[in-house]
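Quick notes on the structure that follows.
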Amino acid sequence: MKKTNWFKNAIIYQIYPRSFQDSNGDGMGDIRGIINRLDYLKDLGINCVWLSPVYSSPQEDNGYDISDYKDIYPPFGTLKDFKEMVDEMHKRGIRLIMDLVVNHTSSEHRWFKEARKSVDNPYHDYYIWKKGKKNGKLPTNWMGFFGENTWEYVPECDEYYLHLFAKGQPDLNWENPKVQEEVKSILKFWLDMGVDGFRCDVINLISKDPNIRDGHEFLLKGSKQFVNGPRLHEFLHMLNKEVLSKYDCMTVGETVFTTLEDAKLLTSPEREELDMIFNFDHTNTDNYLGIKWLMRKFKLVNLKKAFDKWQLGNTTGWNSLFIENHDQRRSVGRFNTSETTYRKESAKLLATMYFFQKGTPFIYEGQEIGMTNAHFTSLSQYQDTETHSIYKTLKKMHLPKSYIAKTIPNGSRDNARTPMQWDNTEFAGFSNVKPWLEINKNKDSINVKESIEDKNSILNYYKKMIEIYKDEKELVDASYKDLLPKHKYLYVYERETNDNIYLCINNFSTRFIKYHIDENYNAKKTLLLGNYSLIEEQKQASTIVLQPFETRLYKIKK
């Protein structure tokens, strides 16, 4: 089958399965629930779904700890249900990409259960093991992504295994050819079932420096040895050449701490590794050192600088575009926007700002109705393992209680994981019983039912925006230029083609701000999209007064 670049025209909707729709009354979303909501996605204009993990798992990290790569977590359904879901998606013109989690498995995976029995077990070398130091200390001083040390002792082997995430997520040893073959088998299994590609979880961690030693980094000690390791490109090219290239599929890599130069290597088509990656520079503009728990004051110039860097710099590869996912807090109320007085305007502004840049846009479930952070008041309300781990780490660092009390609710991944708000009933139309995670209290005013009925809703704005995006096909390859990189409140950029210029104007403030559109554009411009009702005179004026959090998209004939 010939591989195509269909992903460049995709509008991808991420589903977090346990929070999307419960169909059987157990308080947890499932595959049958997704099937029941496919017409909603089609009506929205979605043509591809990214499905977070649905594999068998003990759920220590909500499915990112996999115990069987070729079966479904029973509360989510069966392989038969999954196949039906794929078929029903394809009937509606919706492709499906799955989460591929192959940096680590669950400690409950049969490979690891065997591996920990003895150093002579055939599966022992499926994982990364190391003896402790002679003084009884851990093998190295490495720190994991959940703020803990990365080694766990197994008495049967008198060795420690490596886990860059939770203790129940031991890292696979990609130096072992048998592990490589296992991963290729996993890819083939799902692609043969009809899956259209993969979102590759922390994929740039799969290669580690074999000479494991203490790290000297200020934060995340050891990361120079396990981020973008020495054989990363070799492994990715192998997967592409031997499996992925034989299917019309796509890959997008979650690549932590990746530079623009790294991205060019990973996504250059001639290298045959990944189709695109997620970069997190823009989501790090309100924190320090890429650590979301270390908050700092947001400045719009930093956000523009991050987008400009990737829009202008990634000339050989392809960009992904997103502002929310299952690991990020909700965007409304973030980036200096409002989740109260100007919630609708803010959500529409953010959507327009990122959607019309160059790349493939991703929408996270609930983003299209402007869902907000959870605002839980007690640590016990959070289910996320990372949140509880980071809380312990911050306490050990003796940070002020007031800071911890602010950063935990702000940074928790559970902000994006509260159940989808379909209506204003007791459990928001997500379930008929108490869900696995509390429903956001604002479900009475923020829900799909209300949004469908309100012609000025965020949801209906998204529908219109997606329709425009599909109609303006030349945007895919249009150039990008930031017109006001230093402005404190305005983000104005243009996308240019041979025949047209698309001008995107965004006011990231509560101020009324004047902006002068080039007079050469005046008679040739058409307002395609905006989040305020405007009379014809306001649409056509060359000097416009932008209202709080106003966004406009003009099409200008050359």
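Can you give the angle from 0 to 90° between the axis of helix 385-396 and the longest principal axis of the chain, with both taken from C-alpha atoms, to the nearest 10?
Result, in degrees: 80.
By count of other Cβ within 10 Å, fewest leading, how are Arg213, Arg330 ordered? Don't skip to the answer; put the middle values down first.
Details: Arg213 12, Arg330 22.
Least to most surrounded, the residues fall as Arg213, Arg330.
Can you give the net charge of the other residues whose Cβ lies under 14 Å from the Cβ of Ile72, counting K and R as +1 and D and E as -1? Kindly include the intermediate steps, with their values, before the conclusion.
Numbers: positive: Arg18, Arg32, Lys70, Lys80, Lys83; negative: Asp30, Asp68, Asp71, Asp81, Glu84, Asp99.
Once positives and negatives cancel, what remains is -1.
Gap in Å between the Cα centre of region 354-433 and the Cα centre of region 81-159?
So the two Cα centres are separated by 25 Å.
Mind jotting down the distance between the C-alpha centroids of region 498-558 and region 239-277, whole Å?
What the calculation gives is 37 Å, centre to centre.
Indicate, rounded to the nearest 5 percent, the antiparallel portion of the DSSP beta bridges found entirely in the chain.
Working: 40 of 64 bridges.
Just about 60 percent of them are antiparallel.
For a quick protection proxy, order the peptides 36-42, 425-431 by their average other-Cβ count within 10 Å, most packed first. Present the calculation step by step, with values, prior to reporting the outcome.
Values: 36-42: 16.3, 425-431: 19.7.
Final packing ranking: 425-431, 36-42.
When you count, for each residue, the other Cβ atoms within 10 Å and take the mean per peptide, how do 395-402, 465-472 rank with the highest first?
Working: 395-402: 9.8, 465-472: 16.8.
Taking the mean over residues of other Cβ atoms within 10 Å, the ranking is 465-472, 395-402.
Can you pull the one-decimal nm distance between simple spin-label points at Glu182 and Ala405, each 7 Å off the Cα toward Cβ?
Spacing of the two 7 Å Cα→Cβ label points: 4.6 nm.
If one takes the longest principal axis of the Cα atoms in the chain, at what angle in degrees, from 0 to 90 and to the nearest 10, does the Cα axis of helix 343-355 lie?
Roughly 80 degrees, rounded to the nearest 10.
I want to make sure I understand the PRE zone here: with the label point 7 angstrom from the Cα of Leu79 toward its beta carbon, which residues in region 159-194 have backbone N atoms less than 18 Å away?
182-194
Quick one: angle between helix 79-91 and the longest Cα principal axis of the chain, in degrees between 0 and 90, rounded to 10, please.
It works out to around 20 degrees.
Using a 10 Å cut-off on Cβ atoms, rank the peptides 62-73, 152-163 from the highest mean neighbour count down.
Descending mean neighbour count gives 62-73, 152-163.
Quick one: what are the phi-derived ³J(HN,Hα) couplings along region 319-336, Karplus 6.51/-1.76/1.60 with θ = phi - 60°, whole Hz, x for glycine and proline?
Whole-Hz 3J(HN,Hα) from phi for region 319-336: 9, 9, 10, 7, 10, 9, 7, 6, 9, 10, 5, 5, 7, 5, x, 9, 6, 6.
Here are labelled values, [x] 21, 56, 22, 2; [y] 16, 39, 35, 10, 0; [z] 23, 59, 18, 0, and one is the computed P(r) over Cα pairs in 20 Å bins from 0, in percent for what I pasted. Which one?
Computed from the coordinates, P(r) over Cα pairs in 20 Å bins from 0, in percent corresponds to [x].
Under a crude label model (7 Å from the Cα following the beta-carbon direction), how far is Lys42 from Phe218 in nanometres?
5.3
Give me the distance in nm between label points sitting 7 Å out from Cα along the Cα-to-Cβ direction at Asp327 and Lys91, one decimal.
Here the answer is 3.5 nm between the modelled labels.
We did not get these values from a lab; they are worked out from the coordinates using the rules stated. Since we're looking at a predicted model, the values are computed, not measured. Glycine also receives a Cβ, built like all others from the backbone with ideal geometry; neighbour counts cover every protein chain displayed.
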